[in-house]
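What follows is a single structure, written as structure tokens, with notes after it.
Laboratory data are not the source of any read-out in this text; all were calculated from the coordinates shown. Given the structure is predicted, the values throughout are model-derived calculations rather than measurements. Cβ placement follows ideal geometry from the backbone for every residue including glycine, while neighbour counts extend to all protein chains displayed.
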Amino acid sequence: MDTQVAQGTIVTPNAGMNEPLPPPASLVGPLAWLRQNLFSSIGNTVLTILGLLLIYAILKPFLDWAIFSAVWSGPDGSVCRVEGTGACWPFVFAKFGQFMYGRFPDAERWRVNLTYALALAGVVPLMIPSVPGKMWNAVYVFIIFPIMAYWLLTGGIFGLPIVETQYWGGLLITLVVATVGITMSFPIGIILALGRRSKMPLVKWCSIAFIEFVRGVPLITILFMSSVMLPLFLEHGTNPDKLLRALIGVSLFAGAYMAETVRGGLQAIPRGQVEAAEALGLSYGKTMGLVVLPQALKHVIPNIVSEFIGLFKDTSLVLIIGLFDLLGIVQQNMQGDAKWFAPSTPMTGYVFAGLIFWVFCFGMSRYSQFMERKLNTSHR
Amino acid sequence: MKSIKIVGLAALVALGGATGALAQAKTLEAVKARGTLLCGVGPAAPGFSNPDDKGNWVGFDVDYCRALAVAIFNDPAKVTFKPLTSKERFTALQSGEVDLLSRTTTWTMSRDSSLGLTFAGTMFYDGQGFMVKKSLGVKAAKELNGASICLQTGTTTELNVSDFFRTNKITYKPVLFEKSDEVTAAYDSGRCDAITNDRSGLASDQVKLKAPADSVLLPDIISKEPLGPVVRQGDSQFFTVTKWVYFALLNAEELGVTSANADEMAKSTNPEIKRLLGTEGDFGKGIGIANDWALQIVKKVGNYAEIYDRNFGAKSPVQIARGANELWTKGGLQYAPPIR
């Protein structure tokens, strides 16, 4: 090794010459970047200035409202009713517990936090490709964790007091509905998509009927049916849990949409792939599981993530059946609690809720872009 | 509070409700066996029912349910509040998801007849009114000729205001919004001269304005909105209990029994007070509850005036004058039959 390096040094033509000069300041560095990207021509300069003015015009009043002239502390809405004040943050601070947990009893809120911690402990390593033991990790996330979360949140076991779902609310409901919807919709979608392409007529037509029926009605209708009409058809007094009804409704709805997304991916796989797999003697399950689905799903990652993000935001529709998700409980408090009434209270509540939704949706979007790059093994 | 949209649904619901109503006779027994009263309340009605900072339910409708819980269990905490939207409230009652509604529901004939419901009384006399800017100089609703009026679409509010202006042969320009918050914000920013809503709603809308003192409620009331607790038809025992809890609150106020002096009053020699507080007669037993039911209600929740003041009085954020809700002895409409 040493000799090779030494030899290399000798034959290098640049040996002994001056270090190359850095490129001129007009071509690199921040100034050059500005010039190249923002001020390369008169038109671009004008656009840049207009853009900056626009940003300033939007950002200044917003920052002024949200930070500089905002009210940061106070016992009730009277401090926010003063002329010229901005956002009413004490409203959010006073109601923060409710926004996060709904009416989950104070003494039991550690159970929700523990559930979040357990979820993170499973999901984070699962999402980082370099962490080993994916098999056991998946078993934990998809089998062990849901059981533990169910016990922790509802209680009634190991001496934990029962907390009925009617006391759940806020971000907890949003996350429960979104997580269950997302995890359930994926397998349902794959099964329905494969069913729709099946050669067995019964399976095929059942899948088509289900997908087309569910996609043909709005989510609100499904939730409304489950909440308002279903109880009338059941025996008096038997009321299946409202949250459970909503979860089933959301999962089936999202599943039908997911089925069409997955089918889009399946159709992109050339027939030759299936034929090759069959020629190797692979069974249907192996053909799909080892050859077709891994390729198909990779194609539709952006669409799948769009579905997930859409579903996450759709969770606020559960408000119409009297479940108070994050947005619902913010609205309930700003419309119902006269103690906090002030001109700026509604806007403050909406900005807060919007911020939380954005954090989650943006996180999902970024992760999906990371996965796309990771899985982009060929075809480019 | 009263959406036109629910009428169509109500027709559907009536089908199911008719069969459901037969199966449910012994609500009181069921409540006692369950150990908690299921009370349907409005999700966000300032002064009537809303969650406080800690998430506990407070309000006028909430206090009524607590009084009912005291009558049945002698414990104001043994009630579970179920927030119900105006669309799902009747189904929830008919299907047995709640034992009663105490959620700003207007007593109308169709609800008594086709929906299979029974109203236990008028806890709160409400009515549609107008709020205008003081600077407009309007003193009565009839002077609003040509005014632009902000209101919520799809409610009976819209219908009432159109009827009112047609009857009086004057014109107005409706400015419609989907949500009540938008109505208030539009009025506040000067998009219309007046807003119309139930007067209790206007009182809470006023608090949301930038300068509440610059607006004023007009004296006119253009519709009748009697609000009260609702139970299912066909269960006269539970209906009687809900009705008499309301009457007991009124009788206690009329006889001067308050949460502060209830124990003192129990020693009174006044026969009316003795019958109310259960030291004479078996009136409680007659409706399937304890004889000192009214005494406990007043001690633990208060009489009608105390409940009213707590939620709409001078110290509450939403202030509504008693007006029609005064006792009949003071010129109002609140009148309870005697306990005899």
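Filtered by the rule that a residue be in contact with a Ser or Thr (Cβ under 8 Å, 6 or more places away or on another chain) and assigned to a strand (DSSP E or B), segment B:120-144 gives B:Phe124, B:Asp126, B:Gln128, B:Gly129, B:Phe130, B:Met131, B:Val132, B:Lys133.
Identify the residue in segment B:23-58 that is facing another protein chain (nearest Cβ under 7 Å) and of a type in the set (Asp, Glu) and, among all such residues, is nearest to B:Thr104 (Cα to Cα). The residue in question is B:Asp52. You will find that of B:Asp63, B:Asp99, B:Asp112, the residue that is touching a residue at least 12 places away in the same chain (Cβ under 8 Å) and away from every other protein chain (no Cβ under 14 Å) is B:Asp63 and no other.
Looking only at residues of segment B:23-73 that are of a type in the set (Val, Ile, Thr) and within 16 Å of B:Leu93 (Cβ to Cβ), we find that the one that is surrounded by the most Cβ atoms within 10 Å (Cβ to Cβ) is B:Val41. Filtering A:Thr183, A:Thr165, A:Thr179, A:Thr174 for residues that are touching a strand residue (DSSP E or B) at 6+ places or on another chain (Cβ under 8 Å) and closer than 30 Å to A:Gly122 by Cβ leaves a single hit, A:Thr174. Taking the stated definitions as given, is A:Ser344 surrounded by 13 or more Cβ atoms within 10 Å (Cβ to Cβ) and either of a type in the set (Phe, Trp, Tyr) or touching a Cys at 6+ places or on another chain (Cβ under 6 Å) (or both)? The answer is yes for A:Ser344. Filter segment B:34-56 down to the residues that are of a type in the set (Val, Ile, Thr) and closer than 26 Å to B:Val207 by Cβ and list them by number. Matches in segment B:34-56: B:Val41 only.
Looking across segment B:202-220, the residues that are touching a helix residue (DSSP H, G or I) at 6+ places or on another chain (Cβ under 7 Å) and either under 18 Å from B:Thr155 (Cα atoms) or within 14 Å of chain A (Cβ to nearest Cβ) (or both) come down to B:Ser204, B:Asp205, B:Gln206, B:Val207, B:Lys208, B:Leu209, B:Lys210, B:Pro212, B:Asp214, B:Ser215.
Output yes when any residue across segment B:179-198 is within 14 Å of chain A (Cβ to nearest Cβ), within 20 Å of the chain's Cα centre (by Cα) and crowded, with 18+ Cβ neighbours inside 10 Å, and no when none is. Yes; the residues of segment B:179-198 include at least one that is within 14 Å of chain A (Cβ to nearest Cβ), within 20 Å of the chain's Cα centre (by Cα) and crowded, with 18+ Cβ neighbours inside 10 Å.
Listed by position, the helices (runs of 4 or more DSSP H) enclosed by segment A:85-173 that each have at least 2 residues that are aromatic (Phe, Trp, Tyr) and surrounded by fewer than 16 Cβ atoms within 10 Å (Cβ to Cβ) are A:89-101, A:109-127, A:145-154. For segment A:75-84, residues that are without any contact (Cβ under 8 Å) to a residue 60 or more places away in the chain and either among the aromatic types (Phe, Trp, Tyr) or surrounded by 20 or more Cβ atoms within 10 Å (Cβ to Cβ) (or both) total 0. For segment B:106-149, a residue qualifies if it is surrounded by fewer than 21 Cβ atoms within 10 Å (Cβ to Cβ) and hydrophobic (A, V, I, L, M, F, W, C), and the qualifying residues are B:Trp107, B:Met109, B:Leu136, B:Val138, B:Ala140, B:Ala147.
Across segment A:293-316, the qualifying residues are those that are under 15 Å from A:Leu175 (Cα atoms) and of a type outside the set (A, V, I, L, M, F, W, C), and the one among them that is surrounded by the most Cβ atoms within 10 Å (Cβ to Cβ) is A:Thr315.
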